[in-house]
1. Sort through 111, 93, 128 and tell me the only one that's surrounded by fewer than 20 Cβ atoms within 10 Å (Cβ to Cβ), in contact with a helix residue (DSSP H, G or I) (Cβ under 8 Å, 6 or more places away or on another chain) and not assigned by TED's automatic domain parsing to the domain that holds residue 234.
2. Here is a list: 71, 5. Which entry is part of a helix (DSSP H, G or I) and either at pLDDT 95 or above or more than 17 Å from the chain's Cα centre (by Cα) (or both)?
3. Report the residue count in the range 217-272 for those that are exposed (fewer than 13 other Cβ atoms within 10 Å of the Cβ), in contact (Cβ under 8 Å) with a residue 60 or more places away in the chain and farther than 22 Å from residue 6 by Cβ.
4. What number goes with the only condition from (1) more than 18 Å from the chain's Cα centre (by Cα); (2) over 30 Å from residue 17 (Cα atoms) that residue 132 does not pass?
5. Condition first: more than 18 Å from the chain's Cα centre (by Cα), over 22 Å from residue 71 (Cβ atoms) and in contact (Cβ under 8 Å) with a residue 60 or more places away in the chain. Can you find one or more residues in the range 179-187 that meet it?
6. Of all residues being touching a residue at least 24 places away in the same chain (Cβ under 8 Å) and in a helix (DSSP H, G or I) in the range 74-94, which is farthest from the chain's Cα centre (by Cα)? Just the residue, please.
7. Counting only residues that are outside any helix (DSSP H, G or I) and free of Cβ contacts under 8 Å to residues at least 24 places away in the same chain, which one in the range 138-153 is farthest from residue 74 (Cα to Cα)?
8. Where in the range 154-272 are there helices (runs of 4 or more DSSP H), lying wholly inside it, with at least 3 residues that are within 14 Å of ligand 2 (Cβ to nearest atom) and either in contact with a strand residue (DSSP E or B) (Cβ under 9 Å, 6 or more places away or on another chain) or farther than 21 Å from residue 143 by Cβ (or both)?
Ligand code: SF4
Ligand code: SF4
Ligand code: SF4
């Protein structure tokens with residue numbers, strides 16, 4: 001039964017967030033929202049433990065589509081980084097600020113970049129592309145994410161400084177245009193670099209939050225050195241080029257691990 005503890009803990013964490021926000025903000029939406037996400041993630045973890053092949057993809061679709069279609073398009077909440085800046089500037093702890101706090105700023109201290117492996121609606125689509133593992137070495141293009149991070153901040157700051165009217169409508173349009181741009185650039189880079197996750201590695205501004213926080217992640221893949229035979233299979237199947245055989249927090253690309261479990265599934269010695 002011990003192996004089922006992680007999904008139970010994850011569900012408990014999300015239920016705690018759901019009930020706390022429901023009661024403190026007097027809004028039952030939070031109870032529904034975080035319960036749904038928590039149940040989806042826990043279901044995925046149960047399926048993973050049961051070695052179901054498409055467990056991760058099921059969670060990606062359950063959470064990703066919910067956030068993109070329901071929260072983004074139907075409820076018109078900009079859940080992208082621009083939406084986070086927008087709510088931050090207005091001083092409102094709602095929607096995107098709560099989402100960022102839970103999934104991308106404080107949550108990674110517990111579950112690292114689980115968001116990137118199981119919930120992100122951009123990666124949900126990119127993971128359907130044919131280049132599941134990178135075909136070449138990593139490029140030194142990670143600086144681009146800081147440029148896109150600064151651009152997103154500058155865009156929202158400019159709207160506020162210029163006192164543009166009907167900012168809510170602009171943020172909704174920005175959500176649609178921003179997502180279209182992410183998908184277009186993500187797909188183009190995946191084919192250009194033969195790497196589905198090239199967008200995540202080089203361009204995505206959210207990684208500016210995710211990387212430093214996930215450095216301290218409680219949940220991370222560890223290697224049992226007594227079993228490892230240094231066959232290198234784990235590195236070959238890793239979509240994010242992580243050196244998972246190194247247990248230190250400074251391991252190569254350690255803050256890029258999306259907890260996809262491909263290394264664990266493929267290790268011939270069950271060392272991970
Ligand atoms: S790096 Fe960005 S695009 Fe990639 S999965 Fe994470 S949040 Fe999504
Ligand atoms: S796949 Fe397993 S045995 Fe091979 S190097 Fe990785 S951890 Fe070691
Ligand atoms: S293959 Fe392993 S090390 Fe690489 S991202 Fe997935 S879980 Fe992390």
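1. Numbers: 111 fails: surrounded by fewer than 20 Cβ atoms within 10 Å (Cβ to Cβ); 128 fails: in contact with a helix residue (DSSP H, G or I) (Cβ under 8 Å, 6 or more places away or on another chain).
Within the list 111, 93, 128, the selection yields 93.
2. Details: 71 fails: either at pLDDT 95 or above or more than 17 Å from the chain's Cα centre (by Cα) (or both).
None of the other options fit; the residue is 5.
3. 1
4. (1)
5. Within the range 179-187, not a single residue is more than 18 Å from the chain's Cα centre (by Cα), over 22 Å from residue 71 (Cβ atoms) and in contact (Cβ under 8 Å) with a residue 60 or more places away in the chain.
6. Ranking the candidates gives 89 first.
7. At the first step, the residues of the range 138-153 found to be outside any helix (DSSP H, G or I) are 138-143.
Cutting the leftovers down to free of Cβ contacts under 8 Å to residues at least 24 places away in the same chain gives us 140, 143.
Numbers: 140: 38, 143: 34 Å.
Looking at the filtered set, the residue picked out is 140.
8. On the way: elements: 167-193, 198-202, 207-214, 233-237, 262-266.
In the range 154-272, the matching helices (runs of 4 or more DSSP H) lie at 233-237, 262-266.
The values are calculated or read from the model by the stated rules, or taken from the named source; none is laboratory data. None of these values were measured; they are calculated from a predicted model. Every residue, glycine among them, receives a Cβ derived from its backbone with ideal geometry; neighbour counts consider all protein chains shown.
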